Amino acid sequence: MTRISEVRFMAAPERLLPTGLLGWVSFVIDCRLRVGGVAVRRSLQGRTYLSFPARDDGIGKRWEYLKPIDDATRREIEQQVLAQIREVVG
């Protein structure tokens, strides 16, 4: 099991809330790796989720800086991080 610690949340400016962006989070994975720049977003259906940093190149291809290796890992990280910031993001 992945252990998430040192979760820090920074709220997005109020003007960005209508876009679904709630803020950004950083955290430490297994006391070994600090991850930053992860967006906390709310979907149109009301689900809160993490969006890992990426960029689009000149031809529209998306390049992720980092991402969970599979959906199970994504859910595990997301669950732990969101549980720690739930009182802030609702």
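Nothing in this text is a laboratory measurement; each read-out follows from the coordinates by a stated rule. Source: prediction; values computed, not measured. Ideal geometry is used to build each Cβ from the backbone, glycine not excepted, and the neighbour counts take in all protein chains shown.
Summary of computed values
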{"quantity": "Sparse-neighbourhood loop sites, chymotrypsin sites (Phe, Trp or Tyr not before Pro) in the stretch 15-90 - DSSP loop, at most 15 other Cβ within 10 angstrom", "calculated": "Tyr65"}
{"quantity": "Mean Cβ count within 10 Å, highest first, over the residues of peptides 32-43, 8-19", "calculated": "32-43, 8-19"}
{"quantity": "Loop-located trypsin sites (Lys or Arg not before Pro) in the stretch 53-85 whose Cβ has at most 13 other Cβ within 10 Å (DSSP)", "calculated": "Lys61"}
{"quantity": "Per-pair calculated FRET efficiency, R0 = 30 Å: Cys31 and Val89 via Cβ, rounded to 0.05", "calculated": "0.75"}
{"quantity": "Net charge dipole size for the chain [Lys, Arg +1 and Asp, Glu -1 on Cβ; Debye, nearest 20]", "calculated": "100 debye"}
{"quantity": "Mean separation of Cα contacts under 8 Å, 6 or more apart, over the residue count of the stretch 4-89: relative contact order %", "calculated": "22 percent"}
{"quantity": "Value in Å of the Kirkwood radius, where the stretch 4-89 supplies the Cα pairs that are averaged", "calculated": "13.7 Å"}
{"quantity": "Cα→Cβ-extended label distance, 7 Å offset, between Asp70 and Ser43, nm", "calculated": "2.1 nm"}
